[in-house]
């Protein structure tokens, strides 16, 4: 059960956009939110240090008010240092269940721009992380529902099974569509495996059917399954865009999400490039 989150907030309007989307995250079972902002010792020591502190306090108060209106129990904290360095340690000390932050904007450049807070959280965290993408203005009268359509890509691994547990906890959420998908990456198959493709498709479809039954028994009312072929990242990107996916839940590699070996993984690629929000478990 996910009950407490740490939200790494910034002072910009983009953080307010993310907060506007967090109302629907109550469906995850989240009740408490630790709202963080950081400023450097240099800012504190400067002539405008007091003004900077006041700005941060005002932003936190505004963000807290909106989160409380959404039903969260909110604690705010301003800490010295870099938010990139502090957020994971604080999440550990506070026994938070998940870290939430604004997703880095997508770019064709890739890892060269996937730096800063989102990168550091993924790189170091051993806790689930949600990267929220909000594609509207903070003052727009638009209801943002991250839980509207969830896609769950799976390779049937142990990591994917762990993520499925998180997905299953959302089963009773009425109005949430869930798509279970497995991609057969035929570009990585030799001729022998290609000859067994139909058999593999049947086996994997059966596995997805079992997962669908589990979700339906837990309360899900709208579950779709798909076994598709192609380059995994391309297929998932296209499906997410074409089907209006609002959240992608995926397994991670453990022991810190983005170790060197993991930098090229499907999960990390989707975290960088997907148009939807992404939750890595």
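Among the numbered conditions (1) at pLDDT 85 or above; (2) touching a strand residue (DSSP E or B) at 6+ places or on another chain (Cβ under 6 Å); (3) not in a strand (DSSP E or B), tell me where residue 35 comes up short. Going through the list (1) at pLDDT 85 or above; (2) touching a strand residue (DSSP E or B) at 6+ places or on another chain (Cβ under 6 Å); (3) not in a strand (DSSP E or B), residue 35 breaks only (3).
Do we have residue 262 as in the same structural domain as residue 174 (by TED's automatic domain parsing), in a helix (DSSP H, G or I), within 16 Å of the chain's Cα centre (by Cα) and modelled with pLDDT under 90 here? Full working, then the answer.
On the way: in the same structural domain as residue 174 (by TED's automatic domain parsing): yes; in a helix (DSSP H, G or I): yes; within 16 Å of the chain's Cα centre (by Cα): no; modelled with pLDDT under 90: yes.
Taking the combined requirement at face value, the residue does not satisfy it.
Just one of (1) modelled with pLDDT of 85 or more; (2) surrounded by 13 or more Cβ atoms within 10 Å (Cβ to Cβ); (3) closer than 27 Å to residue 22 by Cα fails for residue 272. It is (1). Looking across segment 212-229, the residues that are in a loop (DSSP other than H, G, I, E, B) and under 16 Å from residue 179 (Cβ atoms) come down to 220, 221, 222. Taken over segment 223-242, the residue count meeting the criterion of being more than 17 Å from residue 269 (Cα to Cα), under 22 Å from the mean Cα position of the chain (by Cα) and surrounded by 14 or more Cβ atoms within 10 Å (Cβ to Cβ) is 4. Mind checking whether some residue in segment 183-200 is at pLDDT 90 or above and exposed (fewer than 13 other Cβ atoms within 10 Å of the Cβ)? Looking for residues that are at pLDDT 90 or above and exposed (fewer than 13 other Cβ atoms within 10 Å of the Cβ), one finds none in segment 183-200, hence no. With respect to the conditions (1) within 15 Å of residue 218 (Cβ to Cβ); (2) assigned to a loop (DSSP other than H, G, I, E, B), residue 175 falls short on a single one, namely (1).
A single entry from 152, 205, 164 fulfils the requirement of being in contact (Cβ under 8 Å) with a residue 12 or more places away in the chain and out of contact with any helix residue (DSSP H, G or I) (no Cβ under 9 Å at 6 or more places or on another chain): 205.
Only one of these is surrounded by fewer than 20 Cβ atoms within 10 Å (Cβ to Cβ), touching a strand residue (DSSP E or B) at 6+ places or on another chain (Cβ under 8 Å) and at pLDDT 65 or above: 92, 75, 84, 126. Name it. First the steps, then the outcome.
Values: 92 fails: touching a strand residue (DSSP E or B) at 6+ places or on another chain (Cβ under 8 Å); 84 fails: touching a strand residue (DSSP E or B) at 6+ places or on another chain (Cβ under 8 Å); 126 fails: touching a strand residue (DSSP E or B) at 6+ places or on another chain (Cβ under 8 Å).
Of the residues listed, the single one that is surrounded by fewer than 20 Cβ atoms within 10 Å (Cβ to Cβ), touching a strand residue (DSSP E or B) at 6+ places or on another chain (Cβ under 8 Å) and at pLDDT 65 or above is 75.
Taken together, 155, 139 contain a single residue that is surrounded by fewer than 21 Cβ atoms within 10 Å (Cβ to Cβ), modelled with pLDDT of 65 or more and assigned to a loop (DSSP other than H, G, I, E, B), which is 155.
The values are calculated or read from the model by the stated rules, or taken from the named source; none is laboratory data. None of these values were measured; they are calculated from a predicted model. As a convention, Cβ positions derive from the backbone with ideal geometry for all residues, glycine included, and neighbour counts pool all protein chains shown.
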